[in-house]
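Chemist: Dropping a structure here in structure tokens format, bear with me for questions.
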Amino acid sequence: MDPKIWSKLPCDVVEHILLLLPLKTLLNLRSTCKAFSSLLFSPSFVSKHSSSCSSFSSFLLLSHHHCPHYFRLYDSNLSSWRTLSFSLPFSSSFSLLSSSRGLFCLYNPSSSSFVIYNLFPKSFRNIQFPTLSHSLHLYHLSFLTTPLRYYILLLSSNSTSNTTLFLYDSNQLSWRRFQGFNAILTHTYHQQDTFFQGALYFTTPEPFSVMRFHLDTGKWERHGAELPHQLTFVRLVSDGEGTLLLLGGVGNDGISRSIKLWELKAEGVWVELVTLPQIMCTTLVSVCYHNYDHVYCFWHEGMICVCCYMWPDILCYNVIRRTWDWLPRCPYLPLKWTCGFKCFSFVPKLYAAV
């Protein structure tokens, strides 16, 4: 196109064209000229981009502690793997704790701090730990986001098995402290929580039950829905909106003979949705050696991803098609990496606020 014609295009037409471009192209345009750079971060474009129905590619991000800032990305649209490495605008001693809604939560135990980081505009916020008593033992960290804010959750206990919960709220830019709940949650680093209808949901060790923590009131309570029988392990996952799902093994003496998925219905009843095909169940169980602490799951763009810290392969259930599939194994992993894998959902959002 003749540059003279391009320069005379109305601003709203230019904005519409830019909204259709992939994220990588948008980022490259920032350095093309000052006009593009200012337009991409103008209030008008930010508003239109944030509400646009078109979305960027979504990724599954596979990390390993040997290379904390070098990741493997599975492109859900192209069904292929690529690599991502980035230099941090802050101390490189931070490692990735979680990823949600385009934001990374990085954690540095030596400095007792977190960093919330948006990779593309390179914006970040440093958050210091709350003041912990020497008698408290920190055993769980998590990061979650909602459409309007994000939270950091710390669970700690003392010698009398009382749990203290510290909650950082990005809207308040401060920590809140909650007490008075007996520590019946699993004391492992891999303990999962999931956000559903304004509350955090946890599972307890055997005998299994579901607990929820209301983020606004700080109230703990046991969920009344009776869980399925003969469970060997349980994991919760939510789409972040109106669906809470339970993935669990069914068997005896701690050995899973099958793995099933249930949905919590409005009547407060867990209804079975699907059973994992037996050959896939056998593979998954053999990988974790019946140590289900290594198994975790999460929601990713209409799929439930089931992973194991000891293994890089990813099992996915497509909720719409109701099908199970193993994703292609990442071809870029060194053979010496045999454990310590962690997979996250990563959906880039250029304007996700830190």
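Chemist: FRET efficiency for K265 and S110, Cβ-Cβ distance as r, R0 = 45 Å, nearest 0.05?
Modeler: 0.45
Chemist: For I17 and L138 in one chain, what is 0.36 nm times their gap in residues minus the Cα-Cα distance, to one decimal in nm?
Modeler: 38.6 nm is the gain from fully extending I17 to L138.
Chemist: Restricting to DSSP H runs of at least four residues, report the calculated mean residue ellipticity at 222 nm for the chain, -39500 (n - 2.57) per run over all residues, nearest 500 deg cm²/dmol.
Modeler: -3500 deg cm²/dmol
Chemist: Between S79 and Q179, take the C-beta separation as r, use R0 = 45 Å, and let me know the FRET efficiency to the nearest 0.05.
Modeler: Details: r = 48 Å, r/R0 = 1.06.
The value I calculate is 0.40.
Chemist: Within the range 84-177, report the trypsin sites (Lys or Arg not before Pro) that DSSP leaves as loop and that have at most 12 other Cβ atoms within 10 Å.
Modeler: Answer in residue order: K122.
Chemist: Can you give the FRET efficiency for S38 and E206, using 1/(1 + (r/R0)^6), R0 = 56 Å, r = Cβ-Cβ distance, to the nearest 0.05? Numbers along the way, then the final one.
Modeler: Numbers: r = 58 Å, r/R0 = 1.04.
Approximately 0.45, to the nearest 0.05.
Chemist: Hey, another quick one. Which order do the peptides 102-111, 11-20 take when ranked by the mean count of other beta-carbon atoms within 10 Å per residue, highest first?
Modeler: 102-111, 11-20
Chemist: Right, here's the next one. Under the rule of at least 5 residues apart or a separate chain, name every residue whose amide H is placed under 5 Å from the amide H of S113.
Modeler: Amide H neighbours of S113: N108, F129.
Chemist: I need the phi-derived Karplus couplings for the range 261-266: 6.51 cos²θ - 1.76 cosθ + 1.60, θ = phi - 60°, integer Hz, Gly and Pro marked x.
Modeler: Those phi angles translate into 10, 10, 10, 7, 8, 4 Hz.
Chemist: Students often get this wrong, so try it: which of (i) 20.4; (ii) 29.6; (iii) 18.8 is mean projected area of the Cα convex hull in nm² as calculated from the structure shown?
Modeler: Read-out taken from this structure: (i).
Chemist: If you put +1 on each Lys and Arg Cβ and -1 on each Asp and Glu Cβ, how big is the dipole of the range 55-346 around its Cα centre, in Debye rounded to 20?
Modeler: Here the range 55-346 has a charge dipole of around 640 debye.
Chemist: Decide, for the range 220-346, between rounded, prolate and oblate: order the square roots of the alpha carbon gyration tensor eigenvalues as a ≥ b ≥ c, take rounded if a/c falls under 1.5, and otherwise choose prolate if a/b is larger than b/c, else oblate.
Modeler: Numbers: a/c = 1.83, a/b = 1.43, b/c = 1.28.
Prolate is the answer for the range 220-346, as a/c is 1.5 or above and a/b outweighs b/c.
Chemist: Count charges around T146 for me, please; just the other residues with Cβ under 14 Å from its Cβ, Lys/Arg as +1, Asp/Glu as -1.
Modeler: Summing Lys and Arg as +1 and Asp and Glu as -1 gives -2.
Chemist: How would you rank E263, E272, going from fewest to most other Cβ atoms within 10 Å of each one's own Cβ? Could you put the intermediate results ahead of the total?
Modeler: Details: E263 15, E272 12.
The most exposed by this proxy come first: E272, E263.
Chemist: Under a Cβ-Cβ cut-off of 12 Å, what is the net charge of the residues other than T243 that fall near it, where Lys and Arg count +1 and Asp and Glu count -1? List each step's numbers first, then the result.
Modeler: On the way: positive: K265; negative: D239, E241, E263.
My count for the surroundings of T243 gives -2.
Chemist: In degrees between 0 and 90, to the nearest 10, how far off the longest principal axis of the chain does helix 278-288 point, with axes built from Cα atoms?
Modeler: 90
Chemist: Here's another thing I want to ask about it. Give me the percent relative contact order of the chain, please, defined on Cα pairs under 8 angstrom at least 6 residues apart.
Modeler: Here the relative contact order equals 14 percent.
Bear in mind these aren't lab numbers, they're just calculated from the coordinates by the rules spelled out. No experiment lies behind these values; they were computed from the predicted model shown. Heads up, the Cβs are rebuilt from the backbone with ideal geometry, glycines too, and the neighbour counts pull from every protein chain shown.
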